[in-house]
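Structure first, then comments.
Read the figures in this text as sums done on the coordinates, not as results from a lab. Values in this document were obtained by computation on a predicted structure and should not be read as measured data. Quick reminder, even Gly has a Cβ in these numbers, built from the backbone with ideal geometry, and neighbours come from all protein chains shown.
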Amino acid sequence: MVGGGPVGVCCALESAQAGARVTLLEREPEVCPPVSGAYANCGLLAPSDATPLAAPGVLGQGLKWMLDSSSPFFIAPRPSPALMRWLLLFRAACSRERTRAAAPVLRTLHVASARLHDDLAAVDGARWGFHHTGELRVFETTAALEAAREDVELGASLGFGIRVEEMDGEHARRLFPSLRCDLAGALFFPEDGHLDPRRFVRSVARLATEAGAEVRARAEALSLGLHGGAVRVQTTQGTFDADQVVLAAGAWTPFLTNSLGLRLPIEPAKGYSVDVDRPTDFPETPLYLGDAQVVLTPLDDALRLGSTLELSGWDMRVRPRRVARLREAAGRAIGIPADGPVRQLWRGPRPLTPDGLPVIARVPGRERVILATGHCMLGLSLAPITGRLVAELAGGKQPSIDLSPLSARRWR
Ligand SMILES: Cc1cc2nc3c(=O)[nH]c(=O)nc-3n(C[C@H](O)[C@H](O)[C@H](O)COP(=O)(O)OP(=O)(O)OC[C@H]3O[C@@H](n4cnc5c(N)ncnc54)[C@H](O)[C@@H]3O)c2cc1C
């Protein structure tokens, strides 16, 4: 396995439990390092979120936002053939037909993964702050509420059976007494949950070790090649030969597939989070501010404010306007002072595919290499089912979910 993020550790755990000899390589000194895509993500497990990023309304809205560096979705204009290719593929994926085809795939993965999250949490969920207490999404404008209703209706028309409770502002304020903005309405999704991503990944890595996997830190995979009947991985800790290799290196995965002749259209999509003190009346339920597209997740005595999607390539600089926007949105909604003390500011790269679906598949023509990547904004939610599917593939079993929509061939 290459990559010690949520996807890599879940692949390691499931494969080790299935009886495989597993070595997990992580480039940094520990799994879930601060530079990864998950270290301080929003911690949401959101099976209710089955509409892929590429959807009909997104294109129009995105064009308006694209050049505004404080908007929720920003693209830094630059001459990049990879970005141009990604944008063209994204535009093609934004059709009504493509969205209606992708949504059931996401929903199936979500439902299966939520069950596996529950199973893992039954073992030791307190260790990673697991809570299955739903998610409240609130909307100040009727336009934002309508857009959210459309997602719910899309799910209903496809028979997803997502449980949702619509409520007015007064009802929402009874759940969240600190809500101070006027609301057009709110939607409560009881299926959703949340956890601390860093503690989750590190705990699952420990479970994988207990199941027999070896976790090697400071081991960066540099290149892959076929050698006899094995895959040879050159690393900063020497050479490894393996029967099969799983690439779960998040947004970095294309650097490794390039050496196999596969150009994966995955862009690093920077997102930010800011941890502040949790107000005493903030309940144990995440709050999504639909207009600003900001998530507020309670994590013990901290409150994590997170969001934004920035396509700036590998420019991981912090843009102060975007951080300010996050904090202002939280201030408007629940009165947290926008210039109050910050416990932690973080940014990380999401592995963004153009159609919003992950890649869980063997590399075409290099069948000993398995891809487990491209989970966009859902890698924490979908990590357990990805681990299960990869273990099935690697073990020569029929995958329990049809993997054809998740193939790397879909962009050829
Ligand atoms: C602000 C923000 C909020 C988010 N909120 C949520 C949320 O609420 N819920 C959710 O489900 N998802 C969320 N996400 C998305 C989620 O974090 C990603 O989808 C997830 O991190 C992808 O997991 P991964 O294991 O594929 O990649 P990563 O988490 O990025 O892990 C990849 C690992 O591979 C290692 N690596 C890279 N290259 C090499 C190499 N050559 N050799 C060895 N190791 C290597 C890296 O160091 C890293 O540790 C959020 C993301 C961001 C940025």
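Find, to one decimal place in angstroms, the Kirkwood hydrodynamic radius of region 127-285, where the mean of 1/r is taken over every pair of different Cα atoms and then inverted.
20.4
May I ask for the angle, rounded to the nearest 10°, between helix 320-334 and the longest principal axis of the chain, with both axes built from Cα atoms and the value confined to 0 to 90°?
Helix 320-334 and the main axis of the chain meet at about 50 degrees.
Where does each of Met1, Met377 land when they are ranked from fewest to most other beta-carbon atoms within 10 angstrom?
Starting with the residue having the fewest Cβ neighbours, the order is Met377, Met1.
Please report Rg (one decimal) and Dmax (integer) in Å for the Cα set of region 146-187.
Reported Rg and Dmax, both Å: 12.3, 36.
For region 6-411, what is the Kirkwood hydrodynamic radius in Å, using each pair of distinct C-alpha atoms?
By the Kirkwood definition, the hydrodynamic radius is 21.5 Å.
On C-alpha positions alone, give me the angle between the axis of helix 56-65 and the longest principal axis of the chain, in degrees, nearest 10.
Result, in degrees: 80.
Semi-axes of the equivalent ellipsoid for region 91-204, please: Cα gyration tensor eigenvalues, times 5, square-rooted, ordered largest first, whole Å.
Equivalent-ellipsoid dimensions as semi-axes: 26, 23, 12 Å.
Got a sec to turn the phi values of region 388-396 into Karplus ³J(HN,Hα) couplings, 6.51 cos²θ - 1.76 cosθ + 1.60 with θ = phi - 60°, whole Hz, x for Gly and Pro?
After applying 6.51 cos²θ - 1.76 cosθ + 1.60, I find 4, 5, 5, 5, 5, 4, 5, x, x Hz.
By its C-alpha gyration tensor, with a ≥ b ≥ c as the square roots of the eigenvalues, how is region 312-412 shaped: rounded for a/c under 1.5, else prolate for a/b larger than b/c, else oblate?
Judged from the Cα gyration tensor, region 312-412 comes out prolate (a/c at least 1.5, a/b above b/c).
Using the alpha carbons of region 155-224, what is the convex hull volume per residue in cubic angstrom, as a whole number?
263
Of Ser80, Leu183, Leu106, which is farthest towards the positive pole of region 6-411's charge dipole, taken about the Cα centre with +1 and -1 on the beta-carbons of Lys, Arg and Asp, Glu respectively?
Among Ser80, Leu183, Leu106, the one farthest towards the positive end of the dipole of region 6-411 is Ser80.
About the Cα centre, and with charges only on the beta carbon of Lys, Arg (+1) and Asp, Glu (-1), how big is the dipole of region 6-411? Nearest 20 debye, please.
It comes to approximately 1380 debye.
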